[in-house]
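A short write-up of the structure that comes next.
The values are calculated or read from the model by the stated rules, or taken from the named source; none is laboratory data. Keep in mind it's a predicted model, so treat the numbers as computed, not measured. Positions of Cβ are generated from backbone atoms using ideal geometry, with glycine treated the same way; all protein chains shown enter the neighbour counts. Please note that ligands, DNA and RNA were not included when accessible areas were found on the heavy atoms of the full protein model with its side chains. Shrake-Rupley method; radii C 1.70, N 1.55, O 1.52, S 1.80 Å.
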Amino acid sequence: MNSYDPKEIEPKWQKVWEEQGIHHAKEDVKKPKYYALMEFPYPSGDGLHTGHVRGYTAMDIIARKRRMEGYNVLYPIGWDAFGLPAENYAIKTGIQPAITTKKNIENYRKQFKSLGMSLDWDREVDTTDPKYYKWTQWLFLKFLENDLAYKAKMNINWCPKDKIGLANEEVVDGKCERCGTQVEKRVKEQWMLRITKYADRLDRDLDLVDFPERVKAQQRNWIGRSEGAEIDFLLDFTYDKKANANRGPNGEKAAIKVFTTRPDTIFGATYLVLAPEHPWVTLAIEQHEVLENKKEVIAYINSVKNKEEIERTAEGKEKTGVELKGVKAINPATGEEIPIWIADYVLPNYGTGAIMAVPAHDERDFEFAAKFKLPIKQVVAPVFYDKTNPVKPDAENTIRHGVIIIIKHWSEDKYLLDYSPKFNWKCLFTGGIEEGEDPLEAATREVREETGYQNIKSAVYVPFEHIDKFHAPHKNLNRHVFQKNIFIQLADGEEKERSDEEKDLHHISWLSEAEMKKEISLPNHLEVFEIFLQNGKAITGEGSLINSGTLDGLIGIEAKDKAIELVNGTKKTSFKLRDWIFSRQRYWGEPIPVIHCEKCGMVPVPEKNLPVTLPEVAMYEPTDNGESPLSAIDSWVNVECSTCGGKAKRETDTMPNWAGSSWYFLRYTDPNNDAEFASKERLNHWTPVDWYNGGMEHTTLHLLYSRFWHKFFFDIGLVPTTEPYQKRTSHGLILAEGGVKMSKSKGNVVNPDKVVEQFGADTLRVYEMFMGPFEQAIAWNEESLVGPRRFIEKVWKLQYKIEDKDPDVDRQIDMHRTIKKVSGDIELLGFNTAISTLMIWVNTLEKYDSVSKMEFETLTKLLAPFAPHVADEVWYSIGHGHILATETWPDFDEQKLEKREAILAVQVNGKVRATLTTSADDTEDDVKTRALELPEVQKWLNGAVPKKVIVVLGKIVNIVV
RNA sequence: GCCCGGGUGGUGGAAUGGUAUACACGGAGGACUUAAAAUCCUCUGGUCGCAAGACCUUGUGGGUUCGAGUCCCACCCCGGGCACCA
């Protein structure tokens with residue numbers, strides 16, 4: 001008997017696989033294709049980490065299983081090799097990024113091979129290879145041709161010490177990632193990609209793909225689609241020709257366009273707010289005669305400009321703003337004049353940069369209105385449905401008006417609670433308003449009648465109205481009661497004796513604020529009391545329109561649609577997603593293939609001149625003016641214009657990292673094509689990617705970016721599908737021992753090479769798949785590694801117990817169940833449970849004197865995707881001349897999943913008291929009879945007659961006494 | 001605040017509404033050994049009990065059900081994402 005030695009067998013099989021070329025995808029049309037993909041790595045100097053192993057092993061399992069299932073599998077690998085670390089390293093050492101990158105790639109390649117990944121090494125791509133980035137540049141030109149790439153002045157993050165523009169990812173807590181200096185804003189011209197044009201489709205088409213819900217949710221959240229309307233608010237101010245020629249012909253009224261998702265609340269719009277950057281504000285400042293407080297307005301705008309973004313959007317920041325005095329807007333619904341303010345809580349780049357403020361129904365507007373004493377007008381009344389007497393669909397609806405009354409003690413801080421024994425309600429006081437009666441008078445009357453207290457100091461409205469809906473059974477009517485809520489302060493304790501009936505109906509008691517909150521049992525009353533205590537709040541929920549003229553009584557979508565119609569608005573969808581800043585002032589990226597000609601302006605580099613290759617430079621430091629180091633190389637920058645032959649300069653900005661990774665999976669289909677970025681046939685054959693695994697951290701960057709590129713490519717006929725990835729999964733993070741992040745500075749990084757050295761690649765693979773649910777973050781645990789190793793050794797030892805005879809039926813059932821469970825779990829990412837199922841079976845087999853060849857071969861095949869080296873080794877040593885990759889994945893037999901005998905739990909009143917062995921032929925009655933005869937059951941029944949006996953064959957018996 | 005996850009032994013974690021704690025690690029005891037490692041066997045949620053056994057237990061509190069970790073309601077805590085997006 002040989003002992004298991006991964007050091008010997010692992011390199012051996014890796015060599016065999018490579019020699020046989022078994023993992024190379026062929027364009028073999030006879031087999032169905034399967035494209036398995038894992039996000040390609042950035043080849044850093046630190047080498048592979050355990051997280052890579054997790055993702056690549058998972059996809060390797062899928063790839064290997066698919067091959068055995070008869071698919072033509074593409075499981076490629078490449079390098080996302082542009083990026084900052086190589087460039088920073090170059091700045092420090094002067095070593096060219098190209099050289100360090102090459103070295104790192106070699107190391108990665110070696111590591112991947114030592115892990116036994118069944119990758120197709122013939123299709124490697126490297127984003128920094130000019131043969132590759134030629135096509136990245138070519139694709140960029142397509143964006144340019146289709147007006148999806150443009151230049152714009154943008155605020156960028158600027159480090160004054162390093163004199164460099166920073167990407168958002170390079171700014172940590174408002175400071176430069178490298179030197180810790182506070183980052184400034186600078187306006188710089190940047191290349192942009194118009195991803196916003198695809199916002200709607202990027203959102204909607206998520207319905208077409210099989211992505212985890214959390215990924216979809218996160219992308220949707222990021223895209224931030226919201227439906228609403230744009231509405232014009234006319235100003236009371238008329239342009240004249242001198243003041244502004246482009247705002248319309250002489251005498252036309254100026255208007256502010258606002259975006260709102262709540263057009264239904266238009267009657268409650270009591271003022272407008274513009275972003276300080278809103279173009280009309282600039283205009284107004286230039287109109288000397290418009291603003292009465294121009295100085296104040298300018299001062300405010302300047303104060304906002306100097307604020308950092310973080311400060312401006314900080315949580316809990318108190319609202320600031322200034323009124324534009326001398327100009328009013330007209331609410332198109334009410335026709336009333338309303339003030340116009342500017343405030344930095346309105347963002348310039350969302351919607352129209354202007355809002356109609358509805359303080360009664362928006363928390364931010366409420367806060368602002370409260371601070372600046374602006375009017376608050378409620379136009380949506382929440383509707384409370386009584387649960388004890390719910391409205392009946394067939395009963396007639398009647399409208400009533402009522403009051404709900406909060407009563408405060410004349411001297412103490414106490415409130416009166418009404419307890420109604422008849423309904424078992426603890427609540428505030430209520431009453432109906434009679435025809436022509438003032439609500440405050442009605443409330444006063446009710447207080448005197450129901451409580452006996454006579455002298456009232458004050459009666460005021462609580463700033464909240466609502467509607468109660470219930471069914472009045474004695475008249476069979478549905479009541480819709482419009483409630484006004486009123487606060488009454490008693491003057492003194494003078495009481496008048498109440499009638500017996502009133503005393504019976506209303507048991508009254510004085511309670512403190514906190515006690516009231518606890519005791520009030522009706523949700524509508526509780527809401528009234530809480531709003532009273534807070535002195536009003538924004539009511540953001542649904543409700544029925546009130547105080548809204550012809551819209552009164554409308555609700556939901558109908559209310560919105562009618563409101564838009566009423567004020568001549570247009571339906572509009574807005575997105576949070578912003579266009580993508582696509583240029584970096586860096587060396588180590590794809591040069592943007594554009595030249596700037598003195599005569600012709602911006603000229604795209606003609607296709608025949610691609611690629612625009614990166615020149616070697618001596619200094620990688622950025623220049624003083626924040627341009628890329630490329631700008632310092634005159635020989636590279638100065639070129640002839642390809643259109644007119646005149647003097648021109650190259651664009652010196654480079655593309656961000658996300659460029660090469662946005663389309664690499666397409667290149668895998670045809671990696672060596674010099675004539676096209678990939679051929680039609682190859683793309684048709686392989687795309688879309690069937691299963692794409694990657695990290696959660698790429699959900700709103702790489703994953704969204706590449707979906708955007710792909711959709712554009714589809715639109716111009718470059719690719720055959722609208723979505724690049726059919727199925728997406730994401731592996732959870734691997735944390736260091738103790739549940740903290742692995743980091744070099746903490747020195748807690750686990751090096752996979754060391755684990756392979758000590759335990760073998762198969763053990764590492766099984767361990768990482770077994771350690772916990774695949775999509776969940778999980779902490780590394782050195783001690784637990786021996787478990788998978790012991791498991792592999794148990795399998796190893798089983799090979800010496802093979803006897804060539806068929807196992808009995810029960811053992812076959814074990815086998816078929818294992819096949820079913822393992823096969824199914826792999827598809828559902830249940831790698832941990834798939835492995836535990838194999839462990840259970842191995843533990844069972846180990847106990848027998850011998851295993852059959854059939855059992856052992858099945859085990860080997862099921863194990864092969866997880867631990868491919870040891871699987872091939874034992875497969876070979878039991879006499880097979882071919883490798884497992886060419887074997888077929890085992891099938892299970894539906895007929896062999898249920899055992900003849902089952903052990904059921906017998907419960908008495910839901911508690912397990914005994915077990916009972918039953919056979920497949922037993923009927924419910926048999927089982928019932930036998931269960932009742934069991935001595936344990938007799939003991940617990942103690943002579944009682946069972947009320948009910950529930951028998952679920954094969955599962956359980958429950959005897960209810 | 002909003003949107004996703006998640007709370008189960010000493011630890012990682014299993015459980016189509018049907019014997020909660022599978023599998024693995026760790027721990028205890030034993031076998032083998034001069035000894036140790038490796039390996040193998042037994043035990044291992046808690047409380048009470050000599051034992052037989054009883055009771056309790058899946059973040060908390062209610063509910064539905066013959067039966068709830070699983071379904072419903074309310075709440076607490078942890079992780080991730082977004083965050084003045086009108």
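Restricting the range A:443-458 to residues that are crowded, with 20+ Cβ neighbours inside 10 Å and either touching a helix residue (DSSP H, G or I) at 6+ places or on another chain (Cβ under 6 Å) or not β-branched (Val, Ile, Thr) (or both), the residue that is nearest to A:Phe529 (Cα to Cα) is A:Ala443.
Could you tell me how many of the residues in the range A:652-673 are over 33 Å from the mean Cα position of the chain (by Cα), at pLDDT below 95 and not hydroxyl-bearing (Ser, Thr, Tyr)? If you could, list the steps in order and put the result at the bottom.
First pass over the range A:652-673, keeping only residues over 33 Å from the mean Cα position of the chain (by Cα): A:652, A:672-673.
Within this subset, residues satisfying the condition of being at pLDDT below 95 are A:652.
Those left that are additionally not hydroxyl-bearing (Ser, Thr, Tyr): none.
Going through the range A:652-673 one residue at a time, the tally reaches 0.
When A:Asp806 is tested against (1) more than 15 Å from RNA strand B (Cβ to nearest atom); (2) more than 30 Å from the chain's Cα centre (by Cα); (3) under 26 Å from A:Leu48 (Cβ atoms), exactly one condition is not met: (3).
In the list A:Gly326, A:Gly321, A:Gly335, which residue meets the criterion of being more than 8 Å from RNA strand B (Cβ to nearest atom) and either open to solvent by 60 Å² or more (accessible area, probe 1.4 Å) or in contact with an Asp or Glu (Cβ under 6 Å, 6 or more places away or on another chain) (or both)?
The conditions single out A:Gly326.
Report, ordered by the first and then the second residue, all pairs with beta carbons closer than 6 Å, sequence separation of six or more or different chains, a first member in the range A:346-368 that is in a loop (DSSP other than H, G, I, E, B) and within 6 Å of RNA strand B (Cβ to nearest atom), and a second member that is open to solvent by 10 Å² or more (accessible area, probe 1.4 Å) and not small (Gly, Ala, Ser). Partner pairs satisfying both residue conditions: A:Val346/A:Ile355; A:Gly351/A:Phe259; A:Gly353/A:His278. Scanning the range A:810-828 for residues that are under 30 Å from the mean Cα position of the chain (by Cα) and surrounded by fewer than 20 Cβ atoms within 10 Å (Cβ to Cβ) gives A:Ser823, A:Gly824, A:Asp825, A:Glu827, A:Leu828.
How many residues, within the range A:204-222, are part of a helix (DSSP H, G or I), more than 13 Å from RNA strand B (Cβ to nearest atom) and in contact (Cβ under 8 Å) with a residue 24 or more places away in the chain?
So in the range A:204-222, the residues part of a helix (DSSP H, G or I) come out as A:204-208, A:213-222.
Filter once more, so that each one left must be more than 13 Å from RNA strand B (Cβ to nearest atom): A:204-205, A:207-208.
If we keep only those that are in contact (Cβ under 8 Å) with a residue 24 or more places away in the chain too, we end up with A:205, A:208.
Total meeting the criteria: 2.
Look through A:Gly739, A:Gly760 and report the one residue that is over 30 Å from A:Lys576 (Cα atoms), surrounded by fewer than 16 Cβ atoms within 10 Å (Cβ to Cβ) and among the small types (Gly, Ala, Ser). Don't jump to the end; show me each part of the working.
Values: A:Gly760 fails: surrounded by fewer than 16 Cβ atoms within 10 Å (Cβ to Cβ).
Answer to the selection: A:Gly739.
For the range A:818-829, check the following and say yes or no: at least one residue is within 11 Å of RNA strand B (Cβ to nearest atom), more than 18 Å from A:Leu845 (Cβ to Cβ), in contact (Cβ under 8 Å) with a residue 40 or more places away in the chain and in contact with a Phe, Trp or Tyr (Cβ under 8 Å, 6 or more places away or on another chain). Yes: the range A:818-829 contains one or more residues that are within 11 Å of RNA strand B (Cβ to nearest atom), more than 18 Å from A:Leu845 (Cβ to Cβ), in contact (Cβ under 8 Å) with a residue 40 or more places away in the chain and in contact with a Phe, Trp or Tyr (Cβ under 8 Å, 6 or more places away or on another chain). Only a single item in (1) more than 14 Å from RNA strand B (Cβ to nearest atom); (2) modelled with pLDDT under 95; (3) surrounded by 17 or more Cβ atoms within 10 Å (Cβ to Cβ) is not met by A:Ile557, and it is number (3).
Entry remark, the range A:264-300: residues being under 19 Å from A:Thr352 (Cα atoms), within 15 Å of RNA strand B (Cβ to nearest atom) and either open to solvent by 50 Å² or more (accessible area, probe 1.4 Å) or assigned to a helix (DSSP H, G or I) (or both) number 7 in total.
Residues in the range A:771-800 that are of a type in the set (Gly, Ala, Ser) and within 14 Å of A:Val755 (Cβ to Cβ): A:Ser784, A:Gly787. In this entry, A:Pro593 is excluded by the filter for residues that are open to solvent by 60 Å² or more (accessible area, probe 1.4 Å) and either in contact (Cβ under 8 Å) with a residue 60 or more places away in the chain or not basic (Lys, Arg) (or both).
Mind listing whichever residues of the range A:439-470 are part of a strand (DSSP E or B) and closer than 18 Å to A:His525 by Cα? Let's see the steps before the verdict.
Here is the first cut: in the range A:439-470, the ones part of a strand (DSSP E or B) are A:453, A:456-470.
Those that are part of a strand (DSSP E or B) and closer than 18 Å to A:His525 by Cα: A:Ala459, A:Val460, A:Tyr461, A:Val462, A:Pro463, A:Phe464, A:Glu465, A:His466, A:Ile467, A:Asp468, A:Lys469, A:Phe470.
Considering the range A:849-961, the qualifying strands (runs of 3 or more DSSP E), each wholly inside and each with 3 or more residues that are within 12 Å of RNA strand B (Cβ to nearest atom) and surrounded by fewer than 18 Cβ atoms within 10 Å (Cβ to Cβ), run over A:901-908, A:911-919, A:948-952. Criterion first (in a loop (DSSP other than H, G, I, E, B), farther than 21 Å from A:Leu144 by Cβ, open to solvent by less than 30 Å² (accessible area, probe 1.4 Å) and not aromatic (Phe, Trp, Tyr)) does A:Gly626 satisfy it? For A:Gly626, the condition - in a loop (DSSP other than H, G, I, E, B), farther than 21 Å from A:Leu144 by Cβ, open to solvent by less than 30 Å² (accessible area, probe 1.4 Å) and not aromatic (Phe, Trp, Tyr) - is met.
Can you tell me how many residues in the range A:868-916 are more than 28 Å from A:Lys947 (Cα to Cα) and among the aliphatic types (A, V, I, L, M)? Qualifying residue count for the region: 8. For A:Lys387, the requirement of being farther than 14 Å from A:Ala269 by Cα and assigned to a loop (DSSP other than H, G, I, E, B) is met.
For the range A:480-499, a residue qualifies if it is in contact with a Lys or Arg (Cβ under 9 Å, 6 or more places away or on another chain) and closer than 16 Å to A:His525 by Cβ, and the qualifying residues are A:Val481, A:Phe482, A:Phe487, A:Ile488.
Here the strands (runs of 3 or more DSSP E) wholly within the range A:630-728 that include at least 1 residues being surrounded by fewer than 23 Cβ atoms within 10 Å (Cβ to Cβ), in contact (Cβ under 8 Å) with a residue 60 or more places away in the chain and within 16 Å of RNA strand B (Cβ to nearest atom) are A:691-695.
Residue count for the range A:775-793 satisfying the condition of being more than 6 Å from RNA strand B (Cβ to nearest atom), open to solvent by 50 Å² or more (accessible area, probe 1.4 Å) and more than 35 Å from the chain's Cα centre (by Cα): 1.
Looking only at the range A:513-521, decide whether some residue is open to solvent by less than 40 Å² (accessible area, probe 1.4 Å) and in contact (Cβ under 8 Å) with a residue 60 or more places away in the chain.
Just the residues of the range A:513-521 that are open to solvent by less than 40 Å² (accessible area, probe 1.4 Å), to begin with: A:516, A:520.
After this cut, where a residue has to be in contact (Cβ under 8 Å) with a residue 60 or more places away in the chain as well, the list is A:516, A:520.
There is at least one residue in the range A:513-521 that is open to solvent by less than 40 Å² (accessible area, probe 1.4 Å) and in contact (Cβ under 8 Å) with a residue 60 or more places away in the chain.
Test A:Ala472 against the criterion of being modelled with pLDDT under 95, within 49 Å of the chain's Cα centre (by Cα), open to solvent by 30 Å² or more (accessible area, probe 1.4 Å) and not hydroxyl-bearing (Ser, Thr, Tyr), and give yes or no. Spelling it out, it is not the case that A:Ala472 is modelled with pLDDT under 95, within 49 Å of the chain's Cα centre (by Cα), open to solvent by 30 Å² or more (accessible area, probe 1.4 Å) and not hydroxyl-bearing (Ser, Thr, Tyr).
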